[in-house]
Amino acid sequence: MEHRKTYYSQNLKTKSGPLLIEGPIPGERLAQMDFHDDLKAFRPAPKQHAALNEIADLPEGRIIVARDGNTVVGYVTFLYPDPLERWSEGHMDNLLELGAIEVIPKYRGNAVGKHLLKVAMMDDAMEDYIIITTEYYWHWDMKGTGLNVWEYRKVMEKMMSAGGLKWFATDDPEICSHPANCLMVRIGKRIGQDSIEQFDRIRFKNRYMY
């Protein structure tokens, strides 16, 4: 499958100042940007910056960033699912995972996450993919936001819906391990029935085991 990538950008006014939302960004360009120290939800900021540079250069990898001048203050990643997760089974070349989305505390509450997803979906090539995200409550910054697990889940669902992702059922054990966890999916307009059926078989592996 050819992974087409078309660059888009959008200006966003926030209470903390203007931001530029843009992408997909190539690794070489991303490496030249500064990476805010508060982008540390998954690993220390310098290591996360290096990881995003690698993702950006993958054939299927996509990084959309929000930046203040030359400083990245938010991002979203798209890439193939982790080989150790069930979503990689079947090796579907038209299935991408929204792997991470992060915005520094200073800019939260300004719909930056929503705009990152909107810019990501401006690319017509996204209609050739099934996009998934697996939301696990233990990844959520409830301490930093002061939200409880259900309030945070509501915020996540609202943000993901801005990118066209909707709740989908699954029997995945990790997702089923807590009622706040969820699978959200966006099926592109050019996805065929064969791919949808293949994805359904991955979603429900125990359908006939009673």
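Nothing in this text is a laboratory measurement; each read-out follows from the coordinates by a stated rule. Source: prediction; values computed, not measured. Cβ: placed from backbone, ideal geometry, glycine included. Neighbour counts: every protein chain shown.
Worth pointing out:
- Looking only at the stretch 117-139, residues that are farther than 22 Å from K154 by Cα and either among the β-branched types (V, I, T) or assigned to a helix (DSSP H, G or I) (or both) come to 6 in all.
- Residue in the stretch 132-151 that is surrounded by 13 or more Cβ atoms within 10 Å (Cβ to Cβ), touching a helix residue (DSSP H, G or I) at 6+ places or on another chain (Cβ under 9 Å) and under 26 Å from T6 (Cβ atoms) present: yes
- Positions within the stretch 1-10 being under 20 Å from the mean Cα position of the chain (by Cα) and assigned to a loop (DSSP other than H, G, I, E, B), in sequence order: H3, R4, K5, T6, Y7
- Index of the failed condition, E97 passing every other in (1) out of contact with any Pro (no Cβ under 6 Å at 6 or more places or on another chain); (2) buried (at least 18 other Cβ atoms within 10 Å of the Cβ); (3) part of a strand (DSSP E or B): (1)
- Looking only at residues of the stretch 76-94 that are in a helix (DSSP H, G or I) and either without any contact (Cβ under 8 Å) to a residue 40 or more places away in the chain or in contact with a strand residue (DSSP E or B) (Cβ under 9 Å, 6 or more places away or on another chain) (or both), we find that the one that is surrounded by the fewest Cβ atoms within 10 Å (Cβ to Cβ) is S88.
- Filtering the stretch 179-194 to residues that are in contact with a Phe, Trp or Tyr (Cβ under 6 Å, 6 or more places away or on another chain) and either among the basic types (K, R) or part of a loop (DSSP other than H, G, I, E, B) (or both) leaves A180, N181, G188.
- Of all residues in the stretch 46-71, those satisfying the criterion of being over 17 Å from the mean Cα position of the chain (by Cα), surrounded by fewer than 19 Cβ atoms within 10 Å (Cβ to Cβ) and not β-branched (V, I, T) are P46, K47, A50, G69, N70.
- Looking across the stretch 11-28, the residues that are under 18 Å from the mean Cα position of the chain (by Cα) and either part of a loop (DSSP other than H, G, I, E, B) or among the polar types (S, T, N, Q) (or both) come down to P24, I25, P26.
- Within the set D128, D124, the sole residue that is of a type in the set (D, E, K, R), under 26 Å from Q10 (Cα atoms) and surrounded by fewer than 15 Cβ atoms within 10 Å (Cβ to Cβ) turns out to be D124.
- Filter pass, E197 being within 24 Å of D128 (Cβ to Cβ), in a helix (DSSP H, G or I) and out of contact with any strand residue (DSSP E or B) (no Cβ under 6 Å at 6 or more places or on another chain): yes
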